[in-house]
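K.L.:
Encoded as structure tokens, here's the structure I'll be asking about.
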Amino acid sequence: MDRVADDNWSPWRIGLISLLSLALACLMLWGMIRFDQGLTWLDGGLMLNQAEYLDSDSRTPPTAETGWRYTEIPDEWNRRPHAGNSVWYRLRLTVGSPPRRLWGIYLPAVQQNASVWLNGELLGDGGSFERPLARNWNRPLYFSIPRGLIEAGENLLLIRIKSTAANDGLIAPVFLAPADFLYPGYQLKFFFRYTLLQFVIITLAVSALLLYALSWLRPSDRLYAWYALPLTAFVVYSLKYVVIEPPLGELLWDRLMAAALLWFPVLAASFIQRFIGSINRRIERASWTIAGIVTLALFALPDGFFPLPPPRIVDSMALLFGLYPVYRLLRYLIEQPRRDTFLLMTSGFLMIVFGLHDWLVTHGLISRVSGQFLPYSTPPGLLLFVYILMRRFVHAMNESEHLNRNLRLEVARKHRELEQSFEQMRDLERRNAINEERARLMRDMHDGMGGHLVSLLARVEDERSTNADIARELRAALDDLRLMIDSMEDVGGDLLTLLAMLRNRLEPRLRSAGIRLHWQVDDLPPFPELNPEKALHILRIVQEAITNVLKHARATELRIGLKEQQGDQGENGILITCEDNGQGFSREDKTAGRGLLNMLRRAGFIGGRTGIDSTPGQGTRVWLWLPRVAP
Amino acid sequence: MAEDYYRVLLIEDEPSTLDRLCRAVEQHPQLAVSGRAETVHDGEQAIRAGGFHVLLSDLGFPDGSGIDLIRLAREQQPEAEIMVITVFADERHVLAAIEAGASGYLLKDGDSSYIGESILQLIHGGSPISAAIARHLLQRMRPAEPKPAEDAPHLTAREQQVLELVAKGFSYAEIADTLEISVNTVTSYIKQIYRKLSVNSRGEAVFEASQMGLLRPL
């Protein structure tokens, strides 16, 4: 919340502005009373301020001629000893000639109900005269006078006033005037004292509901519920001024109003203590206990138990209790001068001043004609709270927009970072792949070309070598280079194409050696794990087998087979076979043994198995089995 | 044919390889060397001069690309057969040559009888094709059925069958057996496919040629 000033204010300064705000509260009350008086004491028309009265409970104008006494109006019964709760007033009104325009009669304030009779005719009343008695606490009354009822000469106006308790009774001045003069004044007063109050009460009630909802939805904002609690009590109490014919029965209604009035300052104190964040538990417990006991007493004990009418006991307590939260606010303001605290304290002053006025009115210490004003002191406090809420809301909105914006930027930044790191990973993968491939090529060159070139060198240096020997060695080197190139061809995992490439290479040689090739291959599904390295090993094994046939077997037929075959453990796999009808060899043949060892080594590299089955004179069968990785 | 032998023009920048090829050609009774060149510049002149039935050309030259020579020969001497000379017959080189207009390839290290036979086979309509090249063609040339309007060259169903069998390593004779057609028909299918590829890839050829330029040191 905002600070009033940057540095702490001195107590003097706070005392001064507190006094000023108190003075402001008094000024507001004075202004209201003045405004209300302007609507009560109309400047013009016929004001009747003298009457005779008769204590009588008669429903119709009393016929008795005796017992009437003179009084001035306004007349407050509580100033008269032994008054009853029902009084008849008789007013005389002398006119020269009957009025031509429509006239009306205006009663700005009566306690609590009135019926008006002119020349024996009932003009109207302010509601029920039976239980429950209509309560026109704040409602002015107006009656039209039928044309022709006012006669030349003396006219007799009889007004019956009834109140719930004898000392509540009041009749304020009575006005007679042409309707077009009287009625606007009445309407303005009606609006100010009645409609406006209804409006205030509804606003307070709706605000309380919204605050309850807010704190229910946001448990961290319980403070709003604490604010809504005294508001609720006040709304209940204020119903007193706008409900004309009370429900629940008069007794219960009055006690309910009294209890609400008492709880208002108690709950307000609880709210203020939480607002300033320092709770005096002892005071709170004591005030709640007292309010609880009084409430119980109000609802449990009969009317006769109380020395004074209960509302009058309770409103004194409420006024006293009301001082505490204002006192706490003042102390808090000295500790931490903040604008919010100051404004809240000012609205507290307003309530205290208005409450004091009403207390003085209720207890007959000042004229009751001007009526009660406490409900008018609440809108500033409510507006203040709405202002605080609005500010928080705006702040939260700005904050969340700010956060959203930052979040978006943050997300975009993270996104970029991720992309970068993905790019780096891809780069790394690419480099790894290149390195692996480079290492493989080096290995292949070393194993294949290197070996061939070294043995070629040996041949060339050996004087016994013939050109044919050297050409054979060269051809072998070229074959190996071709294998490397073929192994790098992208065959899309097609093992058959790989073998077909080998066939393309070797077929002319087989043909010139007079060997007939049988291509006994099955169409196989792709072999995804067939990378260049595997491809090269497979090609080398098969080429080795075919070259051996060319060199040693003296065969006329060669069958190359490719098919799917399960392994020993039933795993899926592929079998490549190379079968000739040549002379075969025996186990003891050392050259064949070395070739077999080479093939076994290569098969081991690629996770496969290989073997040579041969019997002298019955051909040779070389096989290579490769496992299929389960999909 | 007025004469009883075929004249061969040889363009190859390696003199010993060129000599070897010339010997192999001359050894064959039906073939004779009509000219030889060691650079693109000389090769162009020889092609423009004409007078050959078969052109054998390498791809990499110090002063240019063999692809340009093949394309020039296809334009200048449409009747001549063109073969590309290659060490490895790898798919990339051979396809680029075929797209430029060659209809066969020749392995540089083949012995003389292989070289002579291959040339004569080509003259008689038999284009060689490897499994790897067939596989590549199958991927590149979609069958005509689904969308005949596409720009890429299309294969007929029979051409597709032939290519598939080649890719599986079967020889022309085995394919002829399987499809119950003559070996000549099989070779004519292959030639047909080569021609489609060459006709349809004039634009691509330029691109391939530039790639070949980069690959020249091979």
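K.L.:
Which FRET efficiency value, to the nearest 0.05, do you get for A:L46 and A:I279 by plugging their Cβ-Cβ distance into 1/(1 + (r/R0)^6) with R0 = 56 Å? Display every interim value, and only then the final one.
P.N.:
Numbers: r = 60 Å, r/R0 = 1.07.
Plugging the Cβ-Cβ distance into 1/(1 + (r/R0)^6) gives 0.40.
K.L.:
Sticking with this one: In sequence order, what are the phi-derived ³J(HN,Hα) couplings for the range B:113-121 according to the Karplus relation 6.51 cos²θ - 1.76 cosθ + 1.60 with θ = phi - 60°, rounded to whole Hz, with x for glycine and proline?
P.N.:
Going residue by residue, I get 5, 4, 5, x, 4, 4, 5, 5, 4 Hz, with x marking Gly and Pro.
K.L.:
Another one. Would you tell me the mean number of C-beta atoms belonging to other protein chains that fall within 10 Å of each C-beta in B:105-116, as a whole number?
P.N.:
Average neighbour count from other chains, rounded to a whole number: 2.
K.L.:
Still on this structure: Assuming a strict under-27 Å limit between Cα atoms, what lysine pair count do you get for chain A once near-sequence pairs (fewer than 8 apart, same chain) are dropped?
P.N.:
Values: A:K162/A:K189; A:K162/A:K240; A:K189/A:K240; A:K534/A:K551; A:K534/A:K563; A:K551/A:K563; A:K551/A:K590.
Count of close lysine pairs: 7.
K.L.:
Shielding of A:500-512 by partners, i.e. mean partner chain Cβ atoms within 10 Å per residue? Don't jump to the answer; show the numbers that get you there.
P.N.:
Working: counts 11, 10, 2, 6, 11, 4, 0, 2, 7, 2, 0, 2, 3.
Mean inter-chain Cβ contacts per residue within 10 Å come to 5.
K.L.:
Enumerate the calculated ³J(HN,Hα) couplings along the range A:468-477 in order (Karplus 6.51 cos²θ - 1.76 cosθ + 1.60, θ = phi - 60°), each rounded to whole Hz, writing x wherever the residue is Gly or Pro.
P.N.:
4, 4, 5, 4, 4, 5, 4, 4, 4, 5
K.L.:
Something else now. In terms of modelled amide H atoms, which long-range or inter-chain residues lie less than 5 Å from the amide H of A:I73?
P.N.:
Those qualifying (amide H under 5 Å, at least 5 residues apart or on another chain) are A:Q50, A:A51.
K.L.:
A follow-up question, please. Label-point separation (nm) for B:D177 and A:T615, each offset 7 Å from Cα along Cα-to-Cβ?
P.N.:
2.7 nm
K.L.:
For helix A:339-362, what angle does its Cα long axis make with the longest principal axis of chain A, in degrees from 0 to 90 and rounded to 10?
P.N.:
30 degrees
K.L.:
Further question on the same structure: Mind giving me the FRET efficiency for A:A297 and A:L122? R0 is 41 Å, r the Cβ-Cβ distance, nearest 0.05 is fine.
P.N.:
After rounding, the FRET efficiency stands at 0.45.
K.L.:
Compute the distance in nm between two label points, each set 7 Å from the Cα along the Cα-to-Cβ direction, one at A:Q187 and one at A:L409.
P.N.:
Each label point is offset 7 Å from its Cα along the Cβ direction, giving 6.0 nm.
K.L.:
Hey, which aspartates and glutamates would be in cross-link range of B:K168, C-alpha to C-alpha under 12 Å, not counting anything within fewer than 8 residues on its own chain?
P.N.:
Filter leaves A:D494, A:D522, A:D523.
K.L.:
What is the spin-label model distance, in nm, from A:R147 to A:L20 if the labels are put 7 Å beyond Cα along the C-beta direction?
P.N.:
Inter-label distance under the simple model: 6.0 nm.
K.L.:
For the range B:1-84, run through the GluC sites (Glu not before Pro) and keep only the ones in DSSP coil with at most 10 other Cβ atoms within 10 Å of their Cβ.
P.N.:
The qualifying sites are B:E3, B:E79.
K.L.:
With θ set to phi - 60°, apply the Karplus curve 6.51 cos²θ - 1.76 cosθ + 1.60 along the range A:212-218 and write out the HN-Hα couplings as whole Hz, x wherever there is a Gly or Pro.
P.N.:
Values per residue, Gly and Pro as x: 4, 4, 4, 6, 6, 6, 10 Hz.
K.L.:
Principal axis extents for the range B:42-198, Cα atoms only, whole Å, descending order, please.
P.N.:
Result for the range B:42-198: principal-axis Cα extents of 45, 39, 26 Å.
K.L.:
Right, here's the next one. Compute the long axis of helix A:590-605 from its Cα atoms, compare it with the longest principal axis of the Cα atoms of chain A, and write down the angle in degrees, 0 to 90, nearest 10.
P.N.:
Value to nearest ten degrees: 10.
K.L.:
Something else: Rounded, prolate or oblate: which one fits the range B:6-128, using the alpha carbon gyration tensor with axes a ≥ b ≥ c (rounded when a/c is under 1.5, else prolate when a/b beats b/c, else oblate)?
P.N.:
It comes out rounded by the Cα gyration axes.
K.L.:
Skipping prolines and chain starts, which residues have an amide H placed within reach, meaning under 5 Å, of the one on A:T610, given they are 5 or more residues away or on another chain?
P.N.:
A:W625
K.L.:
Here is a further query. Pairing the Cα long axis of helix A:378-444 with the longest principal axis of chain A, what angle in degrees results, from 0 to 90 and rounded to the nearest 10?
P.N.:
Around 0 degrees separate the two axes.
K.L.:
Separate question: Would you pull out the residues with amide H under 5 Å of A:G124's amide H, same chain only if 5 or more places away, H placed 1.01 Å from N?
P.N.:
Residues meeting the criterion, in which the H sits 1.01 Å from N, are A:V116.
K.L.:
Between A:I434 and A:F393, what length in nm is gained on full extension when 0.36 nm per residue of separation is reduced by their alpha carbon distance?
P.N.:
8.8 nm
K.L.:
Based on the Cβ-Cβ distance from B:D4 to A:R516, what FRET efficiency comes out when R0 is 25 Å, to the nearest 0.05?
P.N.:
The value I calculate is 0.15.
Values quoted throughout were computed directly from the atomic coordinates according to the rules given, and no laboratory measurement underlies them. Computed from a predicted model, the values in this text were never measured in an experiment. No Cβ is skipped: glycine too gets one built from the backbone with ideal geometry, and neighbour counts run over all protein chains shown.
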